[in-house]
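Below: the structure, in structure tokens.
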Amino acid sequence: MDAYKEEIEKHVAYVGSARPLPGFDKIYAPGEIEEANRHKNLIEGIYIPEPTWKTIAETAADLGIGMPKV
């Protein structure tokens with residue numbers, strides 16, 4: 001498993017070392033954007049639009065479930 005992980009890390013480094021086309025900042029390996037978003041969301045939380053949050057709160061109230069204060 002260590003050899004596999006090492007090979008993947010080499011591949012990600014190789015892909016990331018490519019020069020991006022004009023208008024782009026970086027070359028991403030598959031899953032890299034998702035991992036960055038996951039990390040950001042764990043720290044900052046996930047934005048839920050007010051109408052969506054209201055619908056969730058109404059549904060919770062209909063089911064007798066309390067909502068956290070945010």
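The values are calculated or read from the model by the stated rules, or taken from the named source; none is laboratory data. In this text, all values refer to a predicted model and were calculated from it rather than measured experimentally. Heads up, the Cβs are rebuilt from the backbone with ideal geometry, glycines too, and the neighbour counts pull from every protein chain shown.
Are any residues in segment 14-25 closer than 30 Å to ILE46 by Cα and either of a type in the set (S, T, N, Q) or modelled with pLDDT under 90 (or both), and if so, which ones? The answer is VAL15, GLY16. Would you pick out the residues in segment 16-58 that are surrounded by 11 or more Cβ atoms within 10 Å (Cβ to Cβ), of a type in the set (Ser, Thr, Tyr) and in a helix (DSSP H, G or I)? Residue satisfying the conditions is THR55 alone. Within segment 60-70, the set of residues being part of a helix (DSSP H, G or I) and surrounded by 11 or more Cβ atoms within 10 Å (Cβ to Cβ) comprises ALA60, ALA61. Scanning segment 1-15 for residues that are within 23 Å of the chain's Cα centre (by Cα) and either assigned to a loop (DSSP other than H, G, I, E, B) or hydrophobic (A, V, I, L, M, F, W, C) (or both) turns up ILE8, VAL12, ALA13, VAL15.
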